[in-house]
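Where a number appears in this text, it was derived from the coordinates with a stated rule and is not lab data. Keep in mind that this is a model prediction, so the values were computed, not measured. Virtual Cβ from ideal backbone geometry, glycine too; neighbours counted across all protein chains shown.
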Amino acid sequence: MTTTTAHGGKGRKAPTIFDVAERAGVSHQTVSRVINGDPTVREQFRAQVAAAVSELGYRPRAAARALAGGRSRALGIVSAGEALYGPSSTAIGFERAARGAGYHVLLSTLPEDPRPVDLSNALTTLLAQDVAAVVLVAADNRVLDALASLTVPVSVPVVVANAVQRDAARTDAAPNVAAVAIDQAAGATLAMEHLLARGHRRIVHIAGPSVSQESEVRRATYERIMAGRGLEPVVLQGDWTPASGFAAAQSLDVHTVDAVFAGNDQMALGVLHAFAEEGLRVPDDIAVVGFDDVPEAAHFTPPLTTVRQDFRAMGERVLASARALVEGESHDEELIAPELVVRRSA
C-alpha cells in the first residue's frame with residue numbers, strides 16, 4: 001500500500017484527489033481540470049487547488065512510475081516565450097535524450113510575458129503528474145524572477161537550461177536547483193576575435209532583447225572587447241527577428257562601419273537583406289557575423305559566419321544533471337563550449 005510522510009508523519013495514508021478537493025473547497029472535477037492544465041479554470045480555483053496540493057503533498061498514481069524501486073520515469077519541462085531557435089532546440093535535445101534513456105517528457109508552456117503565478121501553475125500541474133524532476137528552459141530573465149518568487153513548494157529537483165548570466169534561483173520554495181548553459185561569453189569572444197583578426201575595427205553589434213540572458217552576455221562581451229582595444233562600441237537594439245536586423249542595418253551609416261556582429265542568425269539574415277538592397281557586397285564592403293548556426297545559415301547569401309551552439313549536447317547535459325539531482329549525486333557544472341563556423345560572410 002502506498003504511504004507518504006509529506007503531511008502528518010510516517011505511515012500516513014497518501015492523500016487522494018478527494019482530499020485535495022475538500023481542502024481547496026472545490027469539486028474533484030475541478031481538481032482534475034487544474035492538474036491537467038485546463039486553461040478555462042478560474043484563477044481563484046487554480047490557486048486554491050495549487051495550495052491544497054502543496055499542503056497535502058498530493059501526488060497521483062502515475063502510469064509513468066517505474067516498477068523497479070517505484071521511481072517515476074516522467075520528467076517535466078517548462079518552456080517560456082516564443083518558439084525561438086535556441087530554447088526550442090534545447091527542449092528538443094532534452095526530450096530526445098530523455099526518451100533515449102527511457103523517460104517520457106511532459107510539457108508545459110508559459111505565456112510570452114510570464115508571471116510568477118504562471119510558473120506556479122505550470123509547476124503544480126507537472127508535480128501532480130508525478131514527475132521526478134522539472135526542466136525550466138529559461139532564456140528569459142523574467143522566468144528566473146518568477147522562479148525566485150515562487151510560494152508553492154517544489155518537491156523535486158529543478159534544472160534551469162540557458163541560465164547563463166546569473167545563477168539559477170535557489171529559494172525555500174525551490175531549494176534543489178541546478179543550471180546548465182552554453183558559454184555565451186566564449187561564443188561572443190570567438191566572433192569578435194575573428195573580426196578583429198581580419199582587420200575590422202568599426203564593428204557594430206545588433207543586440208537581442210534586454211530580457212534575454214544570452215543577449216545580455218553577448219552584448220556585455222562585445223562592449224568589453226571593444227573597450228579593451230580602445231574602440232568605440234556601437235550597439236543597436238533588435239528583438240531576435242530578421243525584421244529587427246533589417247531595420248537596424250538600414251539605420252546605419254555604412255561609411256562608418258566595416259563589420260556587424262548580429263546577436264543571432266535571424267537578425268543577421270535581416271542585415272544581409274538590407275545590405276543587398278543598398279548594393280553593398282558582403283564581405284568585401286562590410287562583414288557580417290551571426291550567432292547560433294541555424295540550419296539555414298549555410299544557405300544565406302552569402303553563407304553566414306556564425307557561432308555554433310551544440311544543443312544536442314545541451315539536452316544531454318540537462319538530462320544528466322536532472323538524473324544526478326534525483327539520485328543525490330554531483331553534476332557537471334562546466335559551461336558547454338561553442339565553436340566558430342567560418343563561411344563567406346566574414
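Residues within the reach of a label modelled at A220 (point 7 angstrom out along Cα to beta-carbon, backbone nitrogen below 12 Å), restricted to the range 177-213, are 184-186, 213. Report summary: the helix-based calculation at 222 nm, which adds -39500 (n - 2.57) for every DSSP H run with n ≥ 4 and divides by the residues of the chain, gives -12500 deg cm²/dmol.
Taking A197, A139, A98 as the candidate residues, the one with maximal mean-square fluctuation in a Gaussian network model of the chain, Cα springs under 10 Å, is A197. Largest GNM mean-square fluctuation across E232, E95, E277, computed for the chain with C-alpha springs under 10 Å, falls on E277. Roughly what angle does helix 85-100 make with the longest principal axis of the chain, taking Cα atoms, 0 to 90 degrees, to the nearest 10? Roughly 50 degrees between the two axes. Comparing T305, T30, T124 in a Gaussian network model of the chain (Cα springs below 10 Å), the most mobile by mean-square fluctuation is T30.
Each of A298, G279, G328 was placed along the dipole of the range 235-346 (beta-carbon charges, centred on the mean Cα), and the one lying farthest toward the positive end is G279. With everything on Cα atoms, drop me the angle between helix 184-197 and the longest principal axis of the chain, reported from 0 to 90° to the nearest 10. It works out to around 10 degrees. Summing Cβ point charges (Lys, Arg +1; Asp, Glu -1) relative to the Cα centre of the chain gives a dipole of roughly 1320 debye. Separation of the range 313-346 from the range 104-127 is 23 Å, based on Cα centroids.
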